[in-house]
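The values are calculated or read from the model by the stated rules, or taken from the named source; none is laboratory data. These numbers come from a predicted model, not from an experiment. A quick note on method: Cβ atoms are made from the backbone with ideal geometry, for glycine too, and the neighbour counts reach across all protein chains shown.
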């Protein structure tokens, strides 16, 4: 099994740091998690709670934050102790079909979350710059490039960018608190729990469902593995401690932002008689009416920063879920594009057929979809961290286990109730036809319920053996038995650049004078792609002559060398020649592209590696 987020796995060193520097080395993963707790999907429930009930539901926010803190600490513990993210651990515990179902549900949740970020970004751009919503939705496609750029720069740069956005959100709402001048005594009274019912209960369930995000549990269990730690008992214990500090600080910051939105709504709207403010656009207009231009401007800036930061973490979660559950790895830009397209289509359709006013309803619907998936992340997480056989001395204590199961029951029960109420409202309002409701929506809900029951009961009845990782065992004993490998036929990729000499030199070092050498060059012209070997354009003729000249020079030096021209897609053509000519070793030059050039020209080396079953030596040009 490959490492979670393999390109940044263990990339941040912590062992060489001491004191505050060591603490700061662990700071980061929870801040990426925290943005999911203050994304645009939370804004609607916070605005509705504050405008309808003033400060009375702040205690629900606090309860949600405490539950989130518990679950995220379990997620971090799983990643640190077992070196597996939540999706990978699920692959160990459940069969392939169940894992595929879990992948589909998690992917739907990530798309729903991405939909909320799209809507929030589009509304924020509309409020700040007057950009039409349809254009705002379209612009959100461009963040694919931003994500690629940040990932290429390393996980610390990504974390720094996210923390900056979170800081902007926090400062924006802190400033608005001074503008709104909330009643401190009433805020303190809002932390006292009371019996809620009716619409207050509905909003409370919405707050809980929007706060505890399922994709964050997958993400956190992976991000903690970006820290390189000592795998001793003391090293693991220290990592758990520092990550708990990181999680506590970051989630309390998220609580501050959510509470600030609710307090702002209570101070600005509830106190002034505006009790039905659930739309973000309405909140912006009323802020302008009550406080002037500064408050709504800060509101819009915070909304854009919140949406952009959340969409980046959603992309990482998508990678973790895909690689963990079904062991499928695709290019990050393609995965990002697919996720964004799946989310952007319903946003487009809503704008075209129902107008901008319906985006708020779509935002709420995205949170309902999220609530469906939550139990499928929470329940396995509790099972995995309660498993003494695999967690060893770091298994969670009994009181933590009991508390976790209570939280799981509360979450699942309240979210099931929310879903049932939504289905009921669809039926009463006629939003969907009776046929669709009875024969599609309700049966799907029942099947999902059965699956949830299965993943809950199965680990209690059957203990699944750990599946072996694809890592060689006993290698220390086998080192002295390594035999010399002789390569008889070596393929050398040629691109007529300054890299060629290095590639040829390394190829000859592997095979010596006894091996046969095939020099490979691929013609990528449009004609070559369509007509293959039949193409006779000038570039093809020139490339063939130059490659033949390379081969003649090697023959003149006493080596057995031939030239082979491929046509069309570079990686595919090289792989075809390697397989057809029975080449047993390939030498390729690294082109040294970064970011945009990789996006435009592709990464040939990685593609070839996956298409051939022979070793591939990648030669880095001098000076790179």
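Going by the conditions given, is residue 404 under 21 Å from residue 240 (Cα atoms) and either modelled with pLDDT under 80 or surrounded by 19 or more Cβ atoms within 10 Å (Cβ to Cβ) (or both)? Criteria met by residue 404.
Yes/no per residue for (1) within 30 Å of residue 301 (Cβ to Cβ); (2) surrounded by fewer than 24 Cβ atoms within 10 Å (Cβ to Cβ):
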site	(1), (2)
60	yes, no
77	no, no
80	no, yes
97	no, yes
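The single condition among (1) assigned to a helix (DSSP H, G or I); (2) out of contact with any helix residue (DSSP H, G or I) (no Cβ under 8 Å at 6 or more places or on another chain) that residue 574 does not meet is (2).
Only one of these is over 26 Å from the mean Cα position of the chain (by Cα), part of a helix (DSSP H, G or I), modelled with pLDDT of 70 or more and buried (at least 24 other Cβ atoms within 10 Å of the Cβ): 302, 265, 254. Name it.
265
One line per residue, one yes/no per condition, for (1) more than 17 Å from the chain's Cα centre (by Cα); (2) at pLDDT below 85:
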residue	(1), (2)
12	yes, yes
35	no, yes
48	yes, yes
65	yes, no
75	no, no
83	yes, yes
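Can we say residue 350 is at pLDDT below 80, over 24 Å from the mean Cα position of the chain (by Cα) and surrounded by 15 or more Cβ atoms within 10 Å (Cβ to Cβ)? Judged against the criteria, residue 350 is a match. Restricting the stretch 326-336 to residues that are surrounded by 15 or more Cβ atoms within 10 Å (Cβ to Cβ) and assigned to a helix (DSSP H, G or I), the residue that is modelled with the lowest pLDDT is 332. Reported count of residues in the stretch 553-571, each being touching a helix residue (DSSP H, G or I) at 6+ places or on another chain (Cβ under 9 Å) and not in a loop (DSSP other than H, G, I, E, B), is 11. Taking (1) at pLDDT below 90; (2) not assigned by TED's automatic domain parsing to the domain that holds residue 554 in turn, residue 457 satisfies each apart from (1). Inclusion of residue 242 among residues that are in contact with a helix residue (DSSP H, G or I) (Cβ under 7 Å, 6 or more places away or on another chain), surrounded by fewer than 24 Cβ atoms within 10 Å (Cβ to Cβ), under 30 Å from residue 420 (Cβ atoms) and at pLDDT 80 or above is not warranted.
When 201, 223 are checked against the criterion of being within 23 Å of residue 314 (Cβ to Cβ) and either surrounded by 14 or more Cβ atoms within 10 Å (Cβ to Cβ) or in contact (Cβ under 8 Å) with a residue 60 or more places away in the chain (or both), 223 stands alone in meeting it.
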